[in-house]
1. Determine the pairs where a residue that is without any contact (Cβ under 8 Å) to a residue 40 or more places away in the chain, located within region B:584-601, has a partner that is polar (S, T, N, Q) and surrounded by fewer than 16 Cβ atoms within 10 Å (Cβ to Cβ) with Cβ atoms under 9 Å apart, the partner being 6 or more residues away or on another chain.
2. Of the conditions (1) closer than 30 Å to B:Glu66 by Cα; (2) part of a helix (DSSP H, G or I), B:Phe114 clears all except one; give me its number.
3. Answer with yes or no whether B:Ser325 is crowded, with 24+ Cβ neighbours inside 10 Å, among the polar types (S, T, N, Q) and touching a residue at least 40 places away in the same chain (Cβ under 8 Å).
4. Search region A:106-127 for residues being more than 8 Å from every other protein chain (Cβ to nearest Cβ) and surrounded by fewer than 16 Cβ atoms within 10 Å (Cβ to Cβ), and hand back the single one that is farthest from B:Leu381 (Cα to Cα).
5. Please go through region A:141-173 and give me each residue that is in contact with a helix residue (DSSP H, G or I) (Cβ under 6 Å, 6 or more places away or on another chain) and either within 26 Å of A:Ala299 (Cα to Cα) or in a loop (DSSP other than H, G, I, E, B) (or both), ordered by number.
6. Are any residues in region B:384-414 of a type in the set (A, V, I, L, M, F, W, C) and over 27 Å from B:His339 (Cα atoms), and if so, which ones?
7. Collect the residues in region A:132-161 that are more than 24 Å from the chain's Cα centre (by Cα), more than 8 Å from chain B (Cβ to nearest Cβ) and either under 29 Å from A:Asp283 (Cβ atoms) or surrounded by 15 or more Cβ atoms within 10 Å (Cβ to Cβ) (or both), keeping them in residue-number order.
8. Please state which of the following conditions A:Met315 fails to meet, knowing it meets all the rest: (1) modelled with pLDDT of 95 or more; (2) more than 16 Å from A:Ala179 (Cα to Cα).
Amino acid sequence: MENKLIILLVIVLGAIAIAQLVRVYEISSKLRKHQEHEVSNRDNNLNGRLMFAFMIFLFGSFIYLMKAYGWTGRGSAASEEGIEMDWLLNLNFVIIIAIFFLTNFLLFFFTWKYVKKPGVPAFYYPHNNKLEMLWTVVPAIVLAVIIILGLQTWSHLTGPTNSEAERIELFSKQFDWTARYAGADNTLGLYDYKLTLDNNELALLTTNTIDSSLNNMLNGVTGIRSLQKLLNNRDTIFSDSTLNVLRTDLSRKERLYRFLTQMKQNHNAKLDASAWDDIIQKDTLYLCKGQEYEIALRAKDVIHSAYFPHFRAQMNAVPGMATRMKFTPNKTTAEMRVEKNDAKFNYILMCNKICGGAHYKMKMVVVVLDRPAYKKWMDGKKNATFKDQYFPVAAAAPADTTATMN
Amino acid sequence: MASHDAHAHGHHDEHHHHEEHFISKYIFSQDHKMIGKQFLMTAVFMGLVAMMLSILFRIQLAWPGESSDFLSFFLGEKWAPNGVLKEDMYLGLVTIHGTIMVFFLLTGGLSGTFSNILIPLQVGARDMASGFMNMLSYWFFALSSLLMLVSLFVESGPAMAGWTVYPPLSALPQAVSGSGLGMTLWLVSMAIFIASSLIGSLNYIVTIINLRTKGMNMTRMPLTIWAFFVTAILGVLSFPVLLSAALLLIMDRLMGTSFYLSDIIVGGEMLTNHGGSPILYQHLFWFLGHPEVYIVLLPALGLSSEIIATNARKPIFGYKAMIGSILAIGFLSFIVWGHHMFVTGMNPFLGSVFVFTTLLIAIPSAVKVFNYLTTLWKGSLVLTPAMLFAIGLVSTFITGGVTGIILADSALDIMMHDTYFVVAHFHIVMGMSAVFGMFGGVYHWFPKMFGRMMNMRLGYAHFWVTLVGAYGVFFPMHFVGLAGAPRRYYDYSAYSEFDSNSFELMVDLNQIITTFAIIAALGQVIFLFNFFYSIFRGPKAPQNPWSSTTLEWTTPVERIHGNWPGELPTVHRWPYDYSVPGAESDFIPQTTPLKEGEQAH
């Protein structure tokens, strides 16, 4: 409280001091017959020189920052695509830095050089079509080069992957990432968000998961039956608002139940296999050096963005929409640690689209291994597939399930 | 035209004989000069609030997790327990800072203030086409400002989804606390703001087309008026789209529709919304959002054209090319919005089209810059504070503009998108340029607004603190972004776990940035003092303090209702006859008839 008083006091006294200074200035201006709208030659020259000095300061700090931090402050690119992008970035930087220096120099130089000198009139020069043509055409040519090179790279970066590309899905929710490897068949199993359950966080679509979702919707703790029971119980009296909430909840669940029933009827059990062998991986994403990845992205609640700063890769994950990205890591974590001279360095996957309070904490460590190490890690996961982890007893062959269903 | 003149003239006479009532003069005024000043005062106040918010979150970024008396003083125990900012409130501060700066300061404050004050004065009209609608426009603006401020004080916090308020985050109160009442207030405030902007813009367009005085051809209008004209057209065509985006969002939030929502589970609740698309919102938002950038920039460029020509004592170089580039920028601004969405999952081919159109905008922008440079060349520069701000604007327009080339290149945007590089880019090219234009405008036209002069020494001090401070804030930010730092992060400490080099860079630069931000913010106290002191105590202004050619300086210093006593002036020449060879003085007002044998420009 005392602090606040002192701060207020300082502010008030400061304001009074400035007011007094201005009064003194005004009285002295009056004595000198100074007019407030006339800039004296002294002020004019001083400000002209200061403008030029500011330019030197601006350029100097730019060069200093460049030397200290460089334009790739995140280190060299760690993916094939990143190398291509860095080349393009460097080219663009050379062009724009040249423009930055040239035009800012002319601006501040002219400001200093052509400051008003008594008796020297300004040069009446309203237009010159040739000059104007020059600075329309030259930027147009430079931009044409930038556009052509940029679009070539863009079509590479967003084009289809090779058939050998390994498929991974990145599943995002507030505030973490889960990876799903496509398993032995390199095909990601299908999903439907309505199948989300504690034992099926990624909502994978199989005969069993549909059944357990149906069952949960009907008989779960807050399922349809328990809600109906609650509402039909004549011994309890709810307030209107609670009643409203419960009824809305019930009708929502009944709708979802209908959708699930339809899903079950339309489901092709042959597709189960592609989901069963998927490998769900939390905390750390393992990748293989030199392997191209086709990444599918999914969001559970709000928009997230999968951002790998070192691979120079980024794509949004949008609820209700499938998005994709691709990249090929080209340096293992160990190699990058040597290059960066940082034994604790790790690649990272961050969220780069505002997604709520803990947005800044939403990340996943990425480890790039060489092929033998990667294969070894993958082999270790063979018995930790989706099926092994969550539905070990659902051993019935898919064909049998279809038969009983029909 | 004639009948309007007669009417306006009669109106003026009527008021000449008795004092106006306080309420009709200062509050519900229909006089364009007073309404312009009301816009300015409101916008300056809103700008101060937004600047304070930015200082609050900059403290957190420079010294994360450290207790600060300053934070607890302003935010209290609820949002800054023990002087440490809460995560949610950090996002709230960022969101409201952005919203106020873009819409309330730079749109309302720049276009609202200067279109109102300058359009009738520079085209030679008694007032706006509709004084009543003009008044309505201000009061809608005031109401929306008030609602936006109120949203800072609601219990669940203000909107927290970033100034672009992308759904689903902004649609689901379960996702972040600010998406409750705070977001509702944000949407209502913006809807009213849009109404204000539309009413204002329609008025500006009609006034410029219909109420030009005799001899004021379109090609004799000062570039300020051209800029306001195109700005108003952009506003009329794009703001309704934002309104529709906001209305659909309101419906998704309150009526259970699914325009933007599909397949969502939030807070453990499985929603049944299906078939909507969050990308639809982004398309609608940026269809306004990009023209909005030029709604902010064009008035600043228009003001600086006028200030630079006047104080260089030279005609603006390439007047027709300047008009052409304003029109080209205006047109192109409507077909580039997709460059904000390269990594949203939009079809890559569509992305290519937007790369092409976006980079085209660099051409008219380059023309403008080179024309400014040539205007300064061999001039006789009078470096008033307004002139310094206008030159500063050209510098920031260049510095911020060139990085736009990188961001418009979709292949490079993949790695730059949503990093601090973007924050640096748009703060320099849009924020600094527009604010410099606004300051320049205030210093230059202050004598016209209040009949008094601002103190020049304080003006210089203000300029230098602002220039160095603002560059000091946003220039190092490029390097934070190049190091990969995502924007809208509450804390970068996590970097220490996996990349200590980048972490050190971010800590160092964030502290430098915050220090400069505090210096620049304190520098604005000089301006505020000078501004308010000069309104009441400044020396009396002469009629034409800057020896300018345009019509507003032919009006009396007393700022009468109806602008000119007696007849409206007649225009005989273009507005840039400075230092004409053979002329007696170094400027020839637009009202001076051509001499015998003199060629019109």
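The values are calculated or read from the model by the stated rules, or taken from the named source; none is laboratory data. Small disclaimer: the values here were computed from a predicted structure and weren't measured. Cβ coordinates were reconstructed from backbone atoms using ideal geometry, including for glycine residues, and neighbour counts include every protein chain displayed.
1. So the pair list comes out as B:Pro593/B:Thr570.
2. (1)
3. On the way: crowded, with 24+ Cβ neighbours inside 10 Å: no; among the polar types (S, T, N, Q): yes; touching a residue at least 40 places away in the same chain (Cβ under 8 Å): yes.
Against the criterion (crowded, with 24+ Cβ neighbours inside 10 Å, among the polar types (S, T, N, Q) and touching a residue at least 40 places away in the same chain (Cβ under 8 Å)), B:Ser325 does not qualify.
4. Initially, region A:106-127 is screened for residues more than 8 Å from every other protein chain (Cβ to nearest Cβ), giving A:109, A:112-113, A:118-119.
Those left that are additionally surrounded by fewer than 16 Cβ atoms within 10 Å (Cβ to Cβ): A:113, A:118-119.
Values: A:Lys113: 9, A:Pro118: 11, A:Gly119: 13 Å.
Step by step, filter region A:106-127, then rank; the result is A:Gly119.
5. If the condition is that a residue be in contact with a helix residue (DSSP H, G or I) (Cβ under 6 Å, 6 or more places away or on another chain) and either within 26 Å of A:Ala299 (Cα to Cα) or in a loop (DSSP other than H, G, I, E, B) (or both), then A:Trp154, A:Leu157, A:Thr158 are the ones that fit.
6. Our first condition is that a residue be of a type in the set (A, V, I, L, M, F, W, C); within region B:384-414, this holds for B:386-391, B:393-394, B:397-398, B:402, B:405-408, B:411-412, B:414.
B:Ala386, B:Met387, B:Leu388, B:Phe389, B:Ala390, B:Ile391, listed by residue number.
7. Matches in region A:132-161: A:Val142, A:Leu149.
8. The one condition A:Met315 does not meet is (2).
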